[in-house]
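Here the structure comes first, spelled out in structure tokens, and everything after it is commentary.
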Amino acid sequence: MTDPYAAISRSPATITVAGRLVTIPYRPAAAWLTALADSRPSLALMRVSDEPSRSWLIGQLAAGALPLETAVQGSYDALAAVGGRPWWETYRLGVLSTDTATLGHLVLAGVDPAVRTLGEWCAAVYTLLTRNAKPEEVFKFDAQLAAPPPGFEDEWDDDQDFAAMAEAARNLPGMA
């Protein structure tokens with residue numbers, strides 16, 4: 001579950017990787033975008049964690065004591081923790097922000113990635129890309145943004161019973 005207030009926080013975030021707490025100090029969106037560009041989402045954690053955590057991660061990976069998949073999941077957890085939304089949404093909005101026209105609009109609007117959190121940056125990108133769209137276009141964009149990548153469908157499951165929700169909706173007044 002993501003914390004939407006994390007998107008505006010400038011406090012350090014903490015995640016757990018292989019049973020160890022890893023600290024991610026506040027980094028502006030520009031630092032995250034650079035980390036994502038250098039390593040895609042998979043190893044961004046190595047670029048944004050604090051020095052003790054980074055040293056531990058690199059040492060454990062080098063010694064073969066930390067599976068690469070676990071470190072990659074740590075990066076995904078970090079993106080969700082600071083972005084305030086599922087990691088794949090944070091990543092996709094970050095990538096979309098590097099489009100020349102999108103970046104140009106954001107810069108002209110005064111949205112500076114060097115002073116904004118990653119979550120704020122993603123919110124600005126989302127708003128820019130949907131603000132003049134028709135409702136059906138926003139719905140399509142939202143569906144594409146929210147769809148997890150292959151293999152991560154379980155993270156998308158919110159444990160809510162869709163059949164029960166559909167039944168409850170059918171029982172609302174005027175929904176007969």
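The values are calculated or read from the model by the stated rules, or taken from the named source; none is laboratory data. Remember, it's a predicted structure, so these values are computed and weren't measured experimentally. Note that we place each Cβ from the backbone using ideal geometry, even for glycine, and neighbour counts take in every protein chain shown. Keep in mind that these areas ignore ligands, DNA and RNA; they rest on the heavy atoms of the full protein, side chains included. Shrake-Rupley method; radii C 1.70, N 1.55, O 1.52, S 1.80 Å.
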Q: Kindly indicate which of Tyr26, Tyr76, Tyr91 is aromatic (Phe, Trp, Tyr) and over 15 Å from Ile15 (Cβ atoms).
A: Tyr91
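I'd like to verify a number: residues in region 38-53 that are open to solvent by 50 Å² or more (accessible area, probe 1.4 Å) and either assigned to a helix (DSSP H, G or I) or among the hydrophobic types (A, V, I, L, M, F, W, C) (or both), how many?
5
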Q) Regarding Glu137, is this residue closer than 24 Å to Ala78 by Cβ, part of a helix (DSSP H, G or I) and either at pLDDT 95 or above or in contact with a helix residue (DSSP H, G or I) (Cβ under 8 Å, 6 or more places away or on another chain) (or both)? A) no
**Q.** Failed condition for Asp77, given (1) in contact with a strand residue (DSSP E or B) (Cβ under 9 Å, 6 or more places away or on another chain); (2) in a helix (DSSP H, G or I); (3) farther than 20 Å from Gly151 by Cα
**A.** (3)
Q | Hits in region 115-130 - residues which are outside any helix (DSSP H, G or I) and open to solvent by 60 Å² or more (accessible area, probe 1.4 Å) | A | Val115, Arg116
Q: Looking at (1) without any contact (Cβ under 8 Å) to a residue 40 or more places away in the chain; (2) open to solvent by 60 Å² or more (accessible area, probe 1.4 Å); (3) part of a helix (DSSP H, G or I), find the lone condition where Leu21 falls short.
A: (3)
Q: Return yes or no: is Asp112 open to solvent by less than 70 Å² (accessible area, probe 1.4 Å) and not in a helix (DSSP H, G or I)?
A: yes
